[in-house]
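A short reminder: the numbers here are calculations on the coordinates, not readings from a lab. These numbers were taken from a predicted model, which means no experiment stands behind them. A quick note on method: Cβ atoms are made from the backbone with ideal geometry, for glycine too, and the neighbour counts reach across all protein chains shown.
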Amino acid sequence: MLAAGKLPHRIEIQASVVTQGVAAGQPIKSWVKVDDVWAGYSPASVREFQQSKALQSEFTGVFTIRYRTDVNSQCRILWRNKIYNISGVMEDSDSALEYLRIPVTEGVNDG
């Protein structure tokens, strides 16, 4: 069981939505709030950060949240006025239904 004390941060999970632009008919990407959830955050260690640099990625850390089915790599996380892109979603190794570990990279506001 994942103790509540291990999830001290409130994060916002967002999903991308693509709509058709009225004037030019171009697709417009925007972000909508899926939910606010409690999360734990572990920054990348120096070794992990250096390894990610060698792989030309920007691995920043890992969020841990209670298990849910609507979080995937097409979503992003908003925390402390920063955007974090989700690199993947890993289920816990025991039941695969208790929590998710979400590796992230710091992102930019892309719409």
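Okay, here's what the table says:
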quantity	calculated
Estimated FRET transfer efficiency when R0 is 22 angstrom, pair Ser42-Ser16 (beta carbons, to 0.05)	0.30
Computed label-point distance, nm, for sites Gln74 and Lys29 using a 7 Å Cα→Cβ extension	1.2 nm
Extension gain (nm, one decimal) between His9 and Asn81, 0.36 nm per residue minus Cα-Cα	24.6 nm
